[in-house]
Each structure stands twice: as C-alpha cells, then as structure tokens.
Amino acid sequence: MNPLSRRFAPMLVVFLCHFCFSQSANEAACSASLPALNHNLPNMFSPEQEVQLGEVLTKIVKSHAGEMDQPALTAYLQKLADRLVQHLPPTGLQFRFYLSSLPVANAFSIAGGRVYVTKKLIGYAHSEDELVGVLAHELGHIVTHQTAIDYTRFFKTIGVTEVKDGDDIEAKFHRLLESGKRFEVREEDRQMEADRVGLELTALAGYKPEALADFYDRITNNQGKTGTWFTDLFGVTTKSSKRLREMEKTLRQFPAGCAQTASQSAQEFHAWQSKVVVNSGTGRTESVPGLLAKKALDPPLQDEVHTLRFSYDGKYLAETTVIKELIPYIDKNYRTIASSGGRSLQGMSMGGFGATRLAFKYTDLFSSVVAFAGGYRRPEEMDVPPHPSYAEMFNNDKEIFRANHPETWARSNVAVIRGKLAIQIYVGNQDPGLAGNRHLHALLDELEIPHGYQEFEGIAHNLKLLAEKVTTGNFEIAARSFSKAGR
C-alpha cells in the first residue's frame, strides 16, 4: 500500500472553484499562481448526502480503523486541522480527525469529512509542517468529492440515479455490494489531485508546502528521484517518482515568501508526538460489573466473518471455510460448547441466504438460525438484475441454484429440522426481496416446520432499521436454543 493513500476503496474529487474566499496577505501571495481546479464528472450527492454516505462507509471500516479514544492527544491533531479547514470555502461537510493505532505509517479519509492518521505515521514526521501537509492531502481527497463521484458511477451500474436520506443511501449501498460488481479507480490521479489541493492549502495556512514533498520522498524511500524523459519513454519511471515530480512542479508555482509562518514550537510538537507514539491503549475505561476473572484470548477472537462467497465449482470455498475450518478452529482454540447446543448462525441479506442454507444442510451443527432480510431469490429469477452474484455463484444454471437453495435443503431435511432448529426470519415490507422471504415462510408453514416470521412496516433493505426494531430478539432466540439444549 502506498503511504498517504486511501485504505478503504473505493473512497474519496475536485474542488469546484479555486479556493474562492476572502484572502489574508498570505493567501493573496499563495493562491493566485495555481490554475483553477474544476471537475465535470457527475455527482448525485449533495454535501449533506455526502456526509451520510461517509457515515455508511464508516460503519464498514470503523471496527478496522484502530480508532484511539484519546481526547487529549486528538485535540492537538484537531487544532492543526482546524488551521487548514478555516481556509476552505463553505463545503457543507463535517471535518473530523482521529488518531489510529493501526501498525502502518498511513493516513486515510472517508467521504464527508473523516480523517484518520496512524500514530506510526505521526512518529515518522520530522516536523509539524510535515504532519500538516499530510492532513491537507487528506482534505484534498475529501473536498474534491472523490468518493461521492465514485459512488455516483458505481450506483448507476445498478440503476440508481438519485439518493435521498441516510437510510436510502445505506440500502442502495448494500444493493451495490450484493451485485458483486468490481470497479477500477484511477488511484494515481486521485493522489496527485489531493497533492495539488493539499500543497496549496498548506501554504494558505502558513505552513511550509515543501514539507509534504519531503515527507513523501522519505517515507517512500524515493531518494529524490523524479524520472526523466528517458525513463518516461521506456515506461520505467516509478509512481513515486512521478508523484514527487508533480509536487515539485506545483511548488515551483508558489511565489517567494509564501507560507512558513504558522508552525508552533518544535518542542511542543515533539512532546505531543512522543505521547502519541508511546500510547498503547484505546483510552477507554473498562467497566464490567460482577467480573470474576479476566484473561486475554490468544489468538484473539475475530469479531465477525464477512465477504464470503459461495460458488458451484469450488472457486470460492465459503462453505468449506465456515464448516470445515472456522468452526473446528474455534472449538480447538477456545473454550466453547462444541456441539449444536452451543452454536447459532445469523446473517443479513445474502448472509441470511447463506445462514439458512448452512443451518438447513448441516442440521447437527446449529441450534438456531436467524435471517435479516434474507436474499431468497427464486431460481427462476436468477438472471433478473441487479444481482449477478447469483449467476456467478451458480454458473447461471437455475438447477444448480435450485439444488443449493435453502428451500431445497428444508424439504430434504424436514424431519431433522422440525422442532430441533429454532428459525427466525425478519424482513421489512419495503424490501425488494420481500417476495422471496414470504415464499420461504410459506414453504416452512407447508412443511410444518416451526419458525418465527416478522415483517416491519416501512423498512427496505436496511440492517440498521431492522436491528432497531428487533433490539435483542435475535440474541434471545439464540439464548433460548442454547438453554433448550441443556446449556
């Protein structure tokens, strides 16, 4: 991964006007020399909707972002960022900055205004100017609306041409995930674009703009190389060299005396930097009433399993991974109840499809299964857009799909499922997959398999809203099934 690149793709493109705002003396000296930054790519998101898109993406990445709950340390980072943000024209975005404990030297940003900076990157910085340059670069990704423009393009591939509120954006985001589509993003262009905005913004805030170029050259071990016409001709100029070349080209356009007025004392910066680097915890105060004993798990327990795909030909070994590898591994390495009485399987959307399929097929492994808005498309509907994942998983063969459908396994194992497996289905009555959920519900009734089925008014394909309605119901089902098994 390239330093200063975005970690969660596709994420964050161009300033609509050339920093149109009132100018201080330093701003007047620094802004006139750069060309206007304009973008003619479609963007269906308003600033408010872009913030909401960022909230949806944050749900996906937050648990993996290593966010440090250290208000005192974060305050210094936010103070530096505020000096940059005050030089931006009104954007309607919400700029928030966070420290990250991820063990890499990197910074990344999310649509709408979130920026994460790892403590390892902070440790690499030689000065406050270098760190501010990184922050300005990440702001460059955000204020140029790169993610919003990307998702405008992505959404159009599944027939979405407009979005409404946050719930609507989240529902359409999950539709996009289920489509299984993959997209190309011109990351090199996006980085250079963020560099150009970041360099100017750094200068406008009174910091040394060349500090970003120095930091990038050092952290990539580029050694000052910018390539030549000869290396370009033979296509051997590295991306790092090209990017440094563009930074230096931009810097040459700044007038003499631009910036170099805002840096605080080096002593203050390095004192803060040391505190960040040596910090090893999240800063959260643990509170566990009635705790009798505590022991760290080694290896640590994975909090979830995601992005598993099934396929008819074994290309994606999701079933093998869960049944033959994951469950035995957990039972071997942790103190578990290694029987169906100690296991529950739950999933959302295609995860709901997969959860019921596995629970109906491997009846001796689970005591309960819960599906949220299960993607129970009928085999006859396999080729109906916008869900090509079904066609890919089952080779576009309706009979292969039918053989692997939860309904087929329910019919095959009805005797061992009936009364032994707790089953619950939750779905919104505005869900595009409502018909499939109702069909499975009707089949289970026909087979006289006890189960719970609940539709919620006004909810589409949205786990957040379903979870708010269900509250702890899904966990209570699992707990009752554990108790029923004598645990």
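The values are calculated or read from the model by the stated rules, or taken from the named source; none is laboratory data. Remember, it's a predicted structure, so these values are computed and weren't measured experimentally. We place every Cβ from the backbone using ideal geometry, glycine too, and count neighbours over all the protein chains shown.
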Taking segment 56-88 and the residues there that are over 24 Å from GLU193 (Cβ atoms) and in contact with a helix residue (DSSP H, G or I) (Cβ under 7 Å, 6 or more places away or on another chain), the one that is surrounded by the most Cβ atoms within 10 Å (Cβ to Cβ) would be TYR76
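Results for (1) within 28 Å of the chain's Cα centre (by Cα); (2) surrounded by 15 or more Cβ atoms within 10 Å (Cβ to Cβ); (3) closer than 29 Å to GLU381 by Cβ, shown as yes or no for each residue.
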{"position": "LEU443", "(1), (2), (3)": "no, yes, yes"}
{"position": "ILE459", "(1), (2), (3)": "yes, yes, yes"}
{"position": "ASN462", "(1), (2), (3)": "yes, yes, yes"}
{"position": "THR471", "(1), (2), (3)": "yes, no, no"}
{"position": "ALA479", "(1), (2), (3)": "no, no, no"}
Counting only residues in segment 422-436 that are more than 28 Å from the chain's Cα centre (by Cα) and in a helix (DSSP H, G or I), the one surrounded by the most Cβ atoms within 10 Å (Cβ to Cβ) is identified as GLY436
- Can you find even one residue in segment 276-287 that is over 30 Å from ALA81 (Cβ atoms) and either surrounded by 14 or more Cβ atoms within 10 Å (Cβ to Cβ) or modelled with pLDDT under 90 (or both)? yes
- Scan segment 408-420 and give yes if some residue there is touching a strand residue (DSSP E or B) at 6+ places or on another chain (Cβ under 6 Å) and of a type in the set (A, V, I, L, M, F, W, C), otherwise no. no
Condition met for GLU248 (among the acidic types (Asp, Glu), touching a Leu at 6+ places or on another chain (Cβ under 9 Å) and modelled with pLDDT of 85 or more): no
Counting only residues in segment 196-219 that are crowded, with 24+ Cβ neighbours inside 10 Å and not hydrophobic (A, V, I, L, M, F, W, C), the one farthest from ARG243 (Cα to Cα) is identified as TYR207
When PRO328 is run through (1) of a type outside the set (S, T, N, Q); (2) at pLDDT 60 or above; (3) in a loop (DSSP other than H, G, I, E, B), the failure sits at (3)
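Hey, among the residues in segment 212-254 that are in a loop (DSSP other than H, G, I, E, B), more than 18 Å from ASN106 (Cβ to Cβ) and of a type in the set (Val, Ile, Thr), which one's farthest from the chain's Cα centre (by Cα)?
Here the residue is THR228.
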Of the residues in segment 123-157 that are among the β-branched types (Val, Ile, Thr) and crowded, with 24+ Cβ neighbours inside 10 Å, the one that is farthest from PHE173 (Cα to Cα) is VAL132
Selection over segment 20-49 where residues are modelled with pLDDT under 95, surrounded by 17 or more Cβ atoms within 10 Å (Cβ to Cβ) and in a helix (DSSP H, G or I) yields a count of 5
